[in-house]
Amino acid sequence: MKAQRFDSIDALRGVAIVWMTLFHFSFDLNHFSFIRQNFYTDPFWTGQRTLIVSLFLFCAGLGQAIAVQQGQTWQRFWRRWAQVAGCAVLVTVGSLFMFPNSFIYFGVLHGIAVMLIVVRLTAGWGSWLWLAGAVALLVPLVAGQWLGEGGALAGYADLFNSRPINWLGLITRKPITEDYVPLIPWLGVMWWGMAAGQWVLRRRPAVVARPMPSAVSPLTWLGRWSLSWYMLHQPVLLGLLAGVQWLVGKA
């Protein structure tokens, strides 16, 4: 049986796609020195990144709730998971060429690949997913106290900050990388997406099943092809801006 898609969820994911594209376009303009902004410390940009990633992960949780409710098999799950994981590898390879000193080794796609497995395995937790999500979001605060200077586990800080372990998110300093979406606290957002999806599907199914206005159809389309768009938009933007920069230099 073909899985039913919900235009409302696809449109919400489409909003995240548009927002992300605008953010990356601004980042690329800065990379080519068309503008001067600090994307690493300026709250205007770091705050947007947090909201964009949160929206993506929340939508991923919603999607898993729908998949489980519709009886998605593990075979189908792993097929989709392999696409996400494969794209994560491509992101790492591509970023190695562009940012050799700060390449992406555990960015949003890497994080989603790991979180999808965890969320799928914990789908049966029901209402406990709300609490699990809250704990995941709060753990970094506690870890920072315990692993920070003078903390009970301060001696292990370097271990948790090292690249083989820092994907967990129990860090005292952010690693040097262009994109970093560790398991903690971001798993909490996806857990909340799963919990919200299960609640809506059980109590208010009409909310997600309602038809969307035709004006929203471009967002719906983007939401359905989100992974493809994610992988293609940056090479296209970078290529276009590189061409513009070359033309400006020739003028």
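Each value in this text was obtained by applying a stated rule to the coordinates, not by laboratory testing. Treat the numbers as computed from the prediction; the structure is a model and nothing was measured. Don't worry about glycine lacking a Cβ; one is built from the backbone with ideal geometry, like all the others, and counts go over all protein chains shown.
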Formal net charge of residues neighbouring V244 (Cβ-Cβ distance under 12 Å; K, R +1; D, E -1): 0
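Do the sum for the chain: with -39,500 (n - 2.57) for every DSSP H run of n ≥ 4, divided by all residues, what is the mean residue ellipticity at 222 nm, to the nearest 500 deg cm²/dmol?
Rounded to the nearest 500, it is -23500 deg cm²/dmol.
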Within the stretch 187-207, backbone nitrogen closer than 17 Å to the virtual label 7 Å beyond the Cα of V118 toward Cβ: 187-196
Can you give the convex hull volume per residue for the Cα atoms of the stretch 78-136, as a whole number of Å³? 73
Using alpha carbons only, what's the Rg to Rh ratio of the stretch 141-251 with Rh from Kirkwood? 1.17
Pick from G144, G63, G111: which is most flexible by mean-square fluctuation in a GNM of the chain where alpha carbon atoms under 10 Å apart are linked? G144
Considering every Cα-Cα pair within the stretch 72-174, what fraction, in whole percent, is farther apart than 18 Å? 62
Magnitude of the Cβ-charge dipole of the chain, K/R +1 and D/E -1, about the Cα centre, nearest 20 debye? 820
Against the empirical 2.2 N^0.38 Å scaling, what ratio does the C-alpha Rg of the stretch 199-251 come to? 1.94
Specify the inter-centroid distance of the stretch 173-251 and the stretch 88-118, based on alpha-carbon positions, in whole Å. 15
Students often get this wrong, so try it: which of (i) 60, 46, 33; (ii) 51, 49, 36; (iii) 59, 56, 33 is Cα extents along the principal axes in Å as calculated from the structure shown? (iii)
Counting Lys and Arg as +1 and Asp and Glu as -1 over every other residue whose Cβ sits under 12 Å from the Cβ of R49, the net charge comes to -3
For A209 and A82, compute 0.36 nm times the residue count separating them, minus their Cα-Cα distance, and round to one decimal in nm. 42.9 nm
Modelled label-to-label distance, S102 and W246, 7 Å Cα→beta-carbon offset: nm? 2.6
Gained length - Q4 relative to W19, 0.36 nm times residue gap less alpha-carbon distance: 2.8 nm
